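The values are calculated or read from the model by the stated rules, or taken from the named source; none is laboratory data. From a predicted model like this one, the values you see are computed outputs, not experimental measurements. All Cβ positions, even for glycine, are placed from backbone atoms using ideal geometry, and neighbour counts span all protein chains on display. Please note that ligands, DNA and RNA were not included when accessible areas were found on the heavy atoms of the full protein model with its side chains. Shrake-Rupley method; radii C 1.70, N 1.55, O 1.52, S 1.80 Å.
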Amino acid sequence: MGALVMLRALRNRAFSSSQSSPVSSICRFISTLVIAEHEKGSVKPSSLNALAAAGAISEGNSISMLLAGSGPSLHEAASQAASSHPLLSQVLVADTDILMHPLAEPWAELVRLVQQRGGYSHIVTASSSFGKNILPRAAALLDVSPVTDVIEISGPQLFVRPIYAGNALCSIRYTGADPCMLTIRSTSFPLPLISADSKSDAAPISQVDLSTFSEVVLGKSKWVKLTSQDTERPDLGNARVVVTGGRGLKSAENFKLIEKLAEKLGAAVGATRAAVDAGYVPNELQVGQTGKIVAPELYIAFGVSGAIQHLAGMRDSKVIVAINKDADAPIFQVADYGVVADLFQVINELLEKLPERN
Ligand SMILES: Cc1cc2nc3c(=O)[nH]c(=O)nc-3n(C[C@H](O)[C@H](O)[C@H](O)COP(=O)(O)OP(=O)(O)OC[C@H]3O[C@@H](n4cnc5c(N)ncnc54)[C@H](O)[C@@H]3O)c2cc1C
């Protein structure tokens, strides 16, 4: 796989030689609020990656996880988080119907409220649609500049993030006021395996006092509905294997071959923007700069040219296999295994030879 160009840039927000050295503030007490998403009584895997990122900020970091919404599934997710993750110091639960849906206005207000009471040095969330929606608004309310898409944490104020669609990496020193707010790329922060003997007592669960929080925080946006594919397939952002189809599939009907292959491999389905724009599959399957960022063990791309915006979303995959009839397609520059062939011939052969999954 092609090596990334390293670009070291220093973001010196409001920092001059007359100000105190950032090193002095590294010694201060570090406490982090992780804004988490939950679904069906469990914390989403990307929020657990945000927890792992919080653990990387500094040793002895006191980490709180914030969960909000209403109903039994919220409390199930809170107990699950509290009992299964030794990194956590406490779980905060904001139980109100106002926070049932991920609307930025009430959520950002909640983050401001919790920050005012907790005085956290850092706030972290995953760079998911949820995090990208909420964190910038919360940062504006708290009058700080967020650092987005972090892929490496080298210290409490030192971060690395990709720029130029992933073609360069930028090192950032945060010198702004507290809290330092981050969105992290979940694929860069795997959750460490928790051995049975390292498990500690469950973290305490506290209710956030919402007496000053009311319908007033509802802004101009309104929740309409959630449309999502009801499928048994693994989540695209966390799957170990991803099978992606591009414009080379030529139709929605043909794209079903990709879905069949994914089923046989227990893989998630991805698509290029060209395939999404052509209506072969819904937008939630798009991988790339303006889609999902994935880094599975195995990424198989059928009929994908390898445009820079697509590579930005999958170039960190461990093994990349590309099937394209054009030997000069740019995807072959990042592929570990390349097959110059007609994709339909290859898929049909794979479908024939691979056993059904039970
Ligand atoms: C601001 C911006 C953001 C963007 N964000 C994204 C993004 O997030 N994700 C993304 O994917 N794109 C994104 N794009 C679009 C991107 O530039 C490309 O247009 C897109 O990735 C191309 O998709 P594709 O590879 O499916 O199609 P094409 O580039 O048309 O490639 C199709 C490939 O299929 C091959 N092929 C055709 N028939 C066969 C066959 N029978 N067998 C084998 N191979 C075959 C062809 O040789 C070709 O290489 C973005 C663009 C812009 C400007």
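Data for the structure
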read-out: Subset of the range 227-247 that is in contact with a strand residue (DSSP E or B) (Cβ under 6 Å, 6 or more places away or on another chain) and outside any loop (DSSP other than H, G, I, E, B) - its residue that is farthest from E263 (Cα to Cα); value: G237
read-out: Counted residues, the range 122-177 - those being in a loop (DSSP other than H, G, I, E, B), of a type in the set (A, V, I, L, M) and within 21 Å of V287 (Cα to Cα); value: 2
read-out: Residue match in the range 118-130 (condition: touching a Phe, Trp or Tyr at 6+ places or on another chain (Cβ under 9 Å) and either farther than 25 Å from T187 by Cα or assigned by TED's automatic domain parsing to the domain that holds I293 (or both)); value: no
read-out: Every residue from the range 280-315 that is under 15 Å from D149 (Cα atoms), open to solvent by less than 10 Å² (accessible area, probe 1.4 Å) and within 6 Å of the ligand (Cβ to nearest atom); value: G288, G313
read-out: Criterion violated by L354 - all others in (1) away from the ligand (no atom under 14 Å from the Cβ); (2) open to solvent by less than 10 Å² (accessible area, probe 1.4 Å); (3) of a type in the set (A, V, I, L, M) satisfied; value: (2)
read-out: Boolean, A271 is near the ligand (Cβ under 8 Å from one of its atoms) and touching a Gly at 6+ places or on another chain (Cβ under 6 Å); value: yes
read-out: S251 among the polar types (S, T, N, Q), open to solvent by less than 80 Å² (accessible area, probe 1.4 Å) and in the same structural domain as L67 (by TED's automatic domain parsing); value: no
read-out: Boolean, A168 is of a type outside the set (F, W, Y), surrounded by fewer than 17 Cβ atoms within 10 Å (Cβ to Cβ), modelled with pLDDT under 95 and more than 27 Å from K225 (Cα to Cα); value: yes
read-out: Count - residues of the range 321-341 that are within 7 Å of the ligand (Cβ to nearest atom) and open to solvent by 30 Å² or more (accessible area, probe 1.4 Å); value: 2
